[in-house]
Amino acid sequence: MKLEQLLNGLDYTLVQGSLDTEVVDIAYDSRKVQPGWAFVCIVGTNRDSHDYAMDVAGQGASVLVIEHRLDEVPQGVTVVQVESSRRALALLSCNYFGRPAEKLITIGVTGTKGKTTTAHMIHSVMNAGGHKCGIIGTNGVAYPGVNRALVNTTPESYELQKMFSEMLAAGCDSVVMEVSSQGLMMDRVTGIHFKVGVFTNLYPDHIGGPGEHASFEEYRAWKGQLFRRCDVGVVNVDDKNCSTLLAGHTCKLVTYGMHREADFRASELHLLREENFLGIRFHVSGREDMDVKVNMPGEFSVYNSLAAIAVGRVLGVPHDAIHDGLMNISVKGRVELVPVSKDFTVLIDFAHNEAGAESLLTTLRAYEPKRLVVLFGCGGDRSRLRRYGMGEVASRKADFLILTEDNNRFESVDQIIKDIKIGIDQGNPDVPYVEIPDRLDALHYALDHAQKGDLIAVIGKGHETYRDRMGKKTPFLERELILEYAAQIGLK
């Protein structure tokens, strides 16, 4: 493709060379550059890839896209300067892959909690309604013939546009994706106008760390950007941040909730518990009049379901397909039941911060187990406040705690557990607990000491397939490890 075609829609200055330069492909990682490629120099949180520009020129790059001036770029290499190289990467990628998002029904889901489950519910409803829908998010990317893990919830713009292109080639007509605040802030979704945007809820998160937001207000403002980039916004009107987050929105709004007037309003909630089954039934009123049964537990599942129902109806999905999609939903690592015994219930969930743990454990407590047992740890090289919060919430909600590791990275597990215990002292210092630093040993302990009627919540890792100890990642698939040990000790 000619460079001029790639630059369509982008403000730029041609520093040297020609817009007729042929570009074979695009890279933002200097290690991937090949002869004839364009290299986009990104100013990152840890390094500035402008430092590698001369190296990639030597590797045969035909174009350098820069954000700040470089000295002595070899003649024969075309140089284009832009205000934001991240934005440039997104628009170059859109053009390179033929603007594939414009040929798909694009659905973006943002919020603090519930993005993954809501996206999977929408995915299930869309496919039940006869669409071929791809999905991108925390649990990876999936479309016909492909199911693989991702590094980021919202992939970098080049990878994202490539996925859209591959989905089209695989016959997809739609895609639902999680849109993180960082994905918006870092221009990963720049160039995409969504058919539908979804807002789940907002709590403080991703604030203060490298590459994160400076404040809650900034975090909220970036979430709100989605509703300036979509045709229809499906929003949780019960969330106290909803109106502020929507300031300046340009889309038509469709509301859902339980406690305020809404286009899709849930009432008459009934918890459902059977052998190896936790679910909920409720009634939807407003634009629809329908009873719904969901194969996932709790009030938060009602909110996630309402979002999926609203999206489905906005896009013309029939009622029967919505029912089928919600009854057959299963999301890896999200209140995922692991069938090991008729006497007690085990589930795994990704809840790894105070808000997520509070929501999950409040929901599980409502099912009135004999004991609510919670097995958890906290990640290393992360805020100690999260550990205090997790300890405080778990000690208030649970009957018994099993404290263990959760991706300690480069920190001591013992130190992390000490921080969790500070939170326990702030919540319920009388709650009984054991400390088992090795998570596999902790899983075995939970099954060995389970009592009839227990509900055992294994939280923090959810869908993850590894554990990270001192920077080394080794396979750790929690669901499989639980099933394997249950079979080993003869649970039925």
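The values are calculated or read from the model by the stated rules, or taken from the named source; none is laboratory data. Quick caveat, the model's predicted, so the values are computed rather than measured. Quick reminder, even Gly has a Cβ in these numbers, built from the backbone with ideal geometry, and neighbours come from all protein chains shown. Just the protein is used for accessible areas: all its heavy atoms, side chains included, with ligands, DNA and RNA removed. Shrake-Rupley method; radii C 1.70, N 1.55, O 1.52, S 1.80 Å.
Could you please let me know if TYR466 is open to solvent by 50 Å² or more (accessible area, probe 1.4 Å), of a type in the set (Phe, Trp, Tyr), closer than 22 Å to THR363 by Cβ and out of contact with any His (no Cβ under 7 Å at 6 or more places or on another chain)?
Against the criterion (open to solvent by 50 Å² or more (accessible area, probe 1.4 Å), of a type in the set (Phe, Trp, Tyr), closer than 22 Å to THR363 by Cβ and out of contact with any His (no Cβ under 7 Å at 6 or more places or on another chain)), TYR466 does not qualify.
Say whether the condition of being aliphatic (A, V, I, L, M), modelled with pLDDT under 95 and open to solvent by less than 40 Å² (accessible area, probe 1.4 Å) is met by at least one residue in the range 74-93.
The answer is no; no qualifying residue exists.
Need the failing condition index for GLY279 against (1) open to solvent by less than 40 Å² (accessible area, probe 1.4 Å); (2) touching a residue at least 60 places away in the same chain (Cβ under 8 Å), just the number.
Answer for GLY279: the failing condition is (2).
Look at LEU481 and say whether it is open to solvent by 20 Å² or more (accessible area, probe 1.4 Å), within 18 Å of ILE416 (Cβ to Cβ), in contact with a Leu (Cβ under 8 Å, 6 or more places away or on another chain) and in a helix (DSSP H, G or I).
no
Name every residue in the range 451-461 that is surrounded by fewer than 23 Cβ atoms within 10 Å (Cβ to Cβ) and either assigned to a helix (DSSP H, G or I) or in contact with a strand residue (DSSP E or B) (Cβ under 8 Å, 6 or more places away or on another chain) (or both), in order of residue number.
Matches in the range 451-461: ASP454 only.
Against the condition in a helix (DSSP H, G or I), among the polar types (S, T, N, Q), open to solvent by less than 20 Å² (accessible area, probe 1.4 Å) and within 29 Å of ALA266 (Cβ to Cβ), how does SER301 come out, does it pass?
yes
Would you mind telling me which numbered condition in (1) under 19 Å from GLU336 (Cβ atoms); (2) open to solvent by less than 60 Å² (accessible area, probe 1.4 Å) GLU392 fails?
Result: GLU392 passes all but (1).
Write out, first by first residue and then by second, each pair whose Cβ atoms fall under 9 Å of each other, whose residues are 6+ apart or on separate chains, and whose first residue, in the range 12-32, is under 16 Å from MET54 (Cα atoms) while the second is small (Gly, Ala, Ser) and exposed (fewer than 13 other Cβ atoms within 10 Å of the Cβ).
Here the result reads GLY17/GLY76, each pair linking the range 12-32 to a residue that is small (Gly, Ala, Ser) and exposed (fewer than 13 other Cβ atoms within 10 Å of the Cβ).
Checking the structure you have, find out if any residue of the range 140-149 is touching a helix residue (DSSP H, G or I) at 6+ places or on another chain (Cβ under 6 Å) and either within 21 Å of GLU354 (Cα to Cα) or free of Cβ contacts under 8 Å to residues at least 24 places away in the same chain (or both).
Checked against the condition, which is being touching a helix residue (DSSP H, G or I) at 6+ places or on another chain (Cβ under 6 Å) and either within 21 Å of GLU354 (Cα to Cα) or free of Cβ contacts under 8 Å to residues at least 24 places away in the same chain (or both), the range 140-149 yields at least one hit.
Given the residues GLY9, GLY36, which is the only one that is over 19 Å from ARG69 (Cα atoms), of a type outside the set (D, E, K, R), under 31 Å from the mean Cα position of the chain (by Cα) and part of a loop (DSSP other than H, G, I, E, B)?
Within the list GLY9, GLY36, the selection yields GLY9.
Restricted to the range 417-450, and to residues that are farther than 21 Å from ILE348 by Cα and β-branched (Val, Ile, Thr), which residue is most open to solvent (accessible area, probe 1.4 Å)?
Top of the filtered list is ILE422.
Of all residues in the range 39-48, which are part of a strand (DSSP E or B) and β-branched (Val, Ile, Thr)?
Those that are part of a strand (DSSP E or B) and β-branched (Val, Ile, Thr): VAL40, VAL43.
So in the range 103-126, with the set limited to residues that are among the basic types (Lys, Arg) and in a helix (DSSP H, G or I), which one is nearest to SER301 (Cα to Cα)?
By that ranking, first place goes to LYS115.
Does any residue of the range 283-291 turn out to be farther than 16 Å from ASN201 by Cβ and under 26 Å from the mean Cα position of the chain (by Cα)?
So far as the range 283-291 goes, no, none of its residues is farther than 16 Å from ASN201 by Cβ and under 26 Å from the mean Cα position of the chain (by Cα).
Residues of the range 333-383 being under 22 Å from the mean Cα position of the chain (by Cα) and basic (Lys, Arg), which ones?
ARG334, ARG382
Take the residues of the range 127-143 that are at pLDDT 95 or above and part of a loop (DSSP other than H, G, I, E, B): which is most open to solvent (accessible area, probe 1.4 Å)?
The residue in question is LYS132.
Where residues in the range 399-415 are touching a helix residue (DSSP H, G or I) at 6+ places or on another chain (Cβ under 6 Å) and of a type in the set (Val, Ile, Thr), which of them is surrounded by the most Cβ atoms within 10 Å (Cβ to Cβ)?
THR404
Taking ASP51, is it open to solvent by 70 Å² or more (accessible area, probe 1.4 Å), more than 24 Å from SER165 (Cα to Cα) and not in a loop (DSSP other than H, G, I, E, B)?
Answer is yes for this residue.
Determine, yes or no, whether ALA307 is at negative phi, crowded, with 20+ Cβ neighbours inside 10 Å and more than 25 Å from the chain's Cα centre (by Cα).
Judged against the criteria, ALA307 is not a match.
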